[in-house]
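This report concerns only the one structure given below.
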Amino acid sequence: AYFFLQVIYARRSFGISPPKTSGPPGFERVFRAQVNSSEYFPIFLALLWQAGLFFHQGLAAALGLLYLYSRYCYFTGYKTSSSERLAPIYFSTGVLWILVAASALGILHSLLSHYMGLNVLQLLTA
């Protein structure tokens, strides 16, 4: 919601009325940062829920907060300059990959324990 509000404020300050999506570079950077963040949000939510359900809720919550903070840094960096967005986008992508790994491990453990009777955690601690 914060990103959507920033686009509204940018529209007002640059005098860009909807449905226009082009204008001065400052407006276009704010608009693109919001659209890019919106495109990744469903992926993030799906991975967050899977990691929380199948792996560990605490780890998923911590990774979720890291992801949201890195997206905030991405947005503020992109608003300033297009080159300022690179480090936060790489970091947020890394967080997404960790969520993918946690989700995959949790689902694999769930399938192995349900269908094969293998408890991987007991095998690792033994």
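Details
- For region 80-111, a residue qualifies if it is of a type in the set (Ser, Thr, Tyr), surrounded by 15 or more Cβ atoms within 10 Å (Cβ to Cβ) and more than 24 Å from Leu121 (Cα to Cα), and exactly one does: Ser92.
- Test: residue in region 85-101 that is under 22 Å from Ile8 (Cβ atoms) and free of Cβ contacts under 8 Å to residues at least 12 places away in the same chain: no
- Residue, surrounded by the fewest Cβ atoms within 10 Å (Cβ to Cβ), within region 55-79, restricted to residues that are under 24 Å from Gly26 (Cβ atoms) and in contact (Cβ under 8 Å) with a residue 24 or more places away in the chain: Tyr72
- Scanning region 1-30 for residues that are crowded, with 16+ Cβ neighbours inside 10 Å and among the aliphatic types (A, V, I, L, M) turns up Val7, Ala10, Ile16, Val30.
- Here Leu111 passes the criteria (1) under 25 Å from the mean Cα position of the chain (by Cα); (2) over 26 Å from Ala1 (Cβ atoms) except the one numbered (1).
- Yes/no for Gly117 being on the phi > 0 side of the Ramachandran plot and either touching a helix residue (DSSP H, G or I) at 6+ places or on another chain (Cβ under 6 Å) or surrounded by fewer than 17 Cβ atoms within 10 Å (Cβ to Cβ) (or both): yes
- Test: residue in region 21-30 that is under 18 Å from the mean Cα position of the chain (by Cα) and on the phi < 0 side of the Ramachandran plot: yes
- Filter result (among the basic types (Lys, Arg) and either touching a helix residue (DSSP H, G or I) at 6+ places or on another chain (Cβ under 7 Å) or within 28 Å of Leu96 (Cα to Cα) (or both)) within region 12-41: Arg29, Arg32
- Residues in region 31-50 that are surrounded by 19 or more Cβ atoms within 10 Å (Cβ to Cβ) and more than 18 Å from Tyr69 (Cα to Cα): Phe31 alone.
None of the figures in this text is laboratory data; all of them are computed from the coordinates on show. What you see is a predicted model, and the numbers here were worked out from it, not measured in a lab. Note that we place each Cβ from the backbone using ideal geometry, even for glycine, and neighbour counts take in every protein chain shown.
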